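**Student:** Dropping a structure here in structure tokens format, bear with me for questions.
None of the figures in this text is laboratory data; all of them are computed from the coordinates on show. Here the structure is a predicted model, which means the values were calculated and not measured. When we count neighbours, we look across all protein chains shown, and the Cβ atoms used for this are built from the backbone with ideal geometry, even at glycine.
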């Protein structure tokens with residue numbers, strides 16, 4: 001399903017979670033978690049016809065009556081989103097595939113600089 005997000009400059013970005021690249025997917029109620037992980041924020045990358053990559057989050061919930069939400073992010077906001085998720089624990093930690101996706105879009109994002 002295609003949705004339109006507007007950039008601050010008024011440009012239309014046609015996103016689709018079925019065809020865009022999932023950079024991070026929030027855990028969805030894994031076994032033995034009870035009511036944990038019944039909502040989450042996923043991060044997607046959309047490559048526009050211009051060749052520019054746009055990042056957006058998709059908020060989802062399993063709770064009846066809660067609407068999904070899509071928000072366009074800047075590259076810096078997307079990078080910070082991934083760094084925050086990398087600090088998670090348990091089911092919220094980044095998978096190997098998510099780390100590879102993050103490094104593809106943000107080379108060196110997880111390199112130590114201390």
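**Student:** Gaussian network model of the chain, Cα springs within a sub-10 Å range: biggest mean-square fluctuation belongs to which of 66, 21, 74?
**Tutor:** 66
**Student:** Starting with the fewest neighbours, write out 49, 3, 79 ranked by other beta-carbon atoms found within 10 Å of each beta-carbon.
**Tutor:** Taking fewest neighbouring Cβ atoms as first place, the list is 49, 3, 79.
**Student:** Right, next: Per residue of the chain, what 222 nm ellipticity follows from adding -39500 (n - 2.57) for every DSSP H run with n ≥ 4, rounded to the nearest 500?
**Tutor:** Numbers: 2 runs with 22 residues, N = 114.
Rounded to the nearest 500, it is -6000 deg cm²/dmol.
**Student:** For 99, 93, what ranking results if the residue with the fewest other Cβ atoms within 10 Å of its Cβ goes first?
**Tutor:** Working: 99 16, 93 13.
Going from least to most buried by this count: 93, 99.
**Student:** Of the candidates 77, 103, 67, which one comes out as most mobile in a Gaussian network treatment of the chain with C-alpha springs shorter than 10 Å?
**Tutor:** Of 77, 103, 67, the Gaussian network model singles out 67 as fluctuating most.
**Student:** Below 8 Å, C-alpha to C-alpha, sequence gap of six or more: please give me the relative contact order for the chain in percent.
**Tutor:** Numbers: 161 pairs, mean separation 20.2, N = 114.
Here the relative contact order equals 18 percent.
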